[in-house]
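These notes concern the structure reproduced below.
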């Protein structure tokens, strides 16, 4: 059958394949944690931090591969350690631009070093692992790895929900939150640890180069569509899960399309649509306000 049947027509066969079921299971858990954590990343203006941690994920995974260790050991160890370190060095548990820029440059340099070591020592049997780190390999996850990814995603989501209310308070008014006894600095560092975990998780699905798209695009779309924080949190999570589902279905329907690209493309299209709706709504509101300010006769002349 051809792609002309459309993505929706392929959904029933998709879930009939074990490797696709594994991808949907892992992808759902990963997307759920990304949507929740990403909402606060955008709210706290820490998208640059997420970008830096994507390079940390790349470097940590390559360091583990170069040392002959499990890829996930370097992936999670590096992202968590660097995320907490940036929080400790920054103000009120937030990594500032100087810290992030320094980490960004240092991690890129280390990544080049470990990539050189890995490619010079790797054999043909595992030579594709480096590519998987960069672009993801969600369709290659085993049933056990998919269950672990889904479980970790659920745990990260649970952690984000657990601190959601005080984190929201600290994000909107840090000074008042601190005066009310909210541990702003510890909360900020803990949140960065969650961002590190989410970055490591997402690398398995879309790769280190593209993980920022899944972390930021659904969350930014949710911010455009609603101003209510907890509704936005739920919407961001739903949009991220939807992007993964649609992306996986599209990749199955069109085998030449990599799943990581399809997932990120769906997330970006969602963000573009939400931005357009937000712009139209603001324009309509502005026109309404101008109309209210005009004298009655002039308003009738302009608007009929």
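Computed values, structure above
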quantity: Index of the failed condition, residue 240 passing every other in (1) touching a helix residue (DSSP H, G or I) at 6+ places or on another chain (Cβ under 7 Å); (2) at pLDDT below 95; calculated: (2)
quantity: Filter result for the condition that a residue is more than 20 Å from residue 55 (Cβ to Cβ), touching a residue at least 40 places away in the same chain (Cβ under 8 Å), in contact with a helix residue (DSSP H, G or I) (Cβ under 8 Å, 6 or more places away or on another chain) and in a helix (DSSP H, G or I), over 171, 132; calculated: 171
quantity: Any pair with Cβ under 7 angstrom, 6 or more apart, that starts in the range 242-261 at a residue that is at positive phi and ends at one that is assigned to a helix (DSSP H, G or I); calculated: none
quantity: Residues (surrounded by 15 or more Cβ atoms within 10 Å (Cβ to Cβ), over 15 Å from the mean Cα position of the chain (by Cα) and within 14 Å of residue 217 (Cβ to Cβ)) located in the range 249-274; calculated: 274
quantity: Residues (under 18 Å from residue 42 (Cβ atoms) and at pLDDT 90 or above) located in the range 173-189; calculated: 187, 188
quantity: Qualifying residue in the range 70-92 (condition: modelled with pLDDT under 85, surrounded by fewer than 19 Cβ atoms within 10 Å (Cβ to Cβ), under 19 Å from residue 203 (Cβ atoms) and out of contact with any strand residue (DSSP E or B) (no Cβ under 9 Å at 6 or more places or on another chain)); calculated: yes
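Let's see how each residue does on (1) within 20 Å of the chain's Cα centre (by Cα); (2) touching a residue at least 60 places away in the same chain (Cβ under 8 Å); (3) at positive phi; (4) buried (at least 16 other Cβ atoms within 10 Å of the Cβ):
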{"position": "159", "(1), (2), (3), (4)": "yes, no, no, yes"}
{"position": "167", "(1), (2), (3), (4)": "yes, yes, no, yes"}
{"position": "181", "(1), (2), (3), (4)": "no, no, yes, no"}
{"position": "189", "(1), (2), (3), (4)": "yes, yes, no, yes"}
{"position": "197", "(1), (2), (3), (4)": "yes, yes, no, yes"}
{"position": "204", "(1), (2), (3), (4)": "yes, yes, no, yes"}
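The values are calculated or read from the model by the stated rules, or taken from the named source; none is laboratory data. Treat the numbers as computed from the prediction; the structure is a model and nothing was measured. Methodologically, a virtual Cβ is constructed for each residue, glycine included, from the backbone with ideal geometry; neighbour enumeration extends over all protein chains shown.
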